[in-house]
Amino acid sequence: LEKGMEGFTFGKKEDKMGINTSQTMELVFQNVKVPAENLLGQEGKGFKIAMMTLDGGRIGVAAQALGIAEAALADAIEYSKQRAQFGKPICKFQSISFMLADMATKIEAARHLVYKAAMKKQEGKPYSVDAAMARPLLQMETGISMILHMLSCVNWIAVIRISLPENSADFRFRL
């Protein structure tokens, strides 16, 4: 659909915690008539096309989460080298070094899942299962735990503000 087509409008712009260079907005469809030249694929096959598009999107989301996790690890490592306790950098303490090693291991495993899914997509091979495995692992396990581990390593110096929208169980962490 083209912007401005009758029956197709944009709703509320979402306030996101990151990836702010990409706008996320609600798409509103009211009695939209799609011209034949604008159809993607065959009529009636839209659900399959949408699911295939989501599979590709999962790889992109997983790649973004991978980048976030890698940045969190790099920051945690750098900070652990600078912060000293008892006369030595905290990276020299076993608990911190184990935490950093665990973060690095999870990131490496996640990287292989993302790359495997992307390679299969590029080669035209089925990749739905690989994309589905990579995305949630990175988003939930790796991305969030990397940030929490990083905050542990930096002794919670970062301030976390939790905003709770009115009448909503939804919440967002803001660093």
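The values are calculated or read from the model by the stated rules, or taken from the named source; none is laboratory data. Quick caveat, the model's predicted, so the values are computed rather than measured. Please note: Cβ atoms are built from the backbone with ideal geometry, for glycine as well, and neighbour counts cover all protein chains shown. Quick note on the areas: whole protein, heavy atoms, side chains included, nothing else; ligands and nucleic acids left out. Shrake-Rupley method; radii C 1.70, N 1.55, O 1.52, S 1.80 Å.
Using the beta-carbon distance between M25 and K48 and R0 = 25 Å, what value does 1/(1 + (r/R0)^6) give for FRET efficiency, to the nearest 0.05?
E(calc), rounded to 0.05, equals 0.50.
What's the carbon and sulfur percent of the range 16-86's accessible surface, probe 1.4 angstrom, rounded to a whole number?
Solvent-exposed carbon and sulfur of the range 16-86 make up 58 percent of the total.
What are the ³J(HN,Hα) couplings of the range 117-123, residue after residue, when phi is run through the Karplus curve with 6.51, -1.76, 1.60 and θ = phi - 60°? Round to Hz, x for glycine and proline.
In residue order, the calculated couplings are 5, 5, 5, 4, 4, 4, 7 Hz.
Where does the range 21-65 land on the Kirkwood hydrodynamic radius, alpha-carbon pairs, in angstrom?
Final number for the Kirkwood radius of the range 21-65 is 13.1 Å.
Using the heavy atoms of the protein chains alone and a 1.4 angstrom probe, what is the accessible area of the range 1-123 per residue in square angstrom?
It amounts to 72 Å² per residue over the range 1-123.
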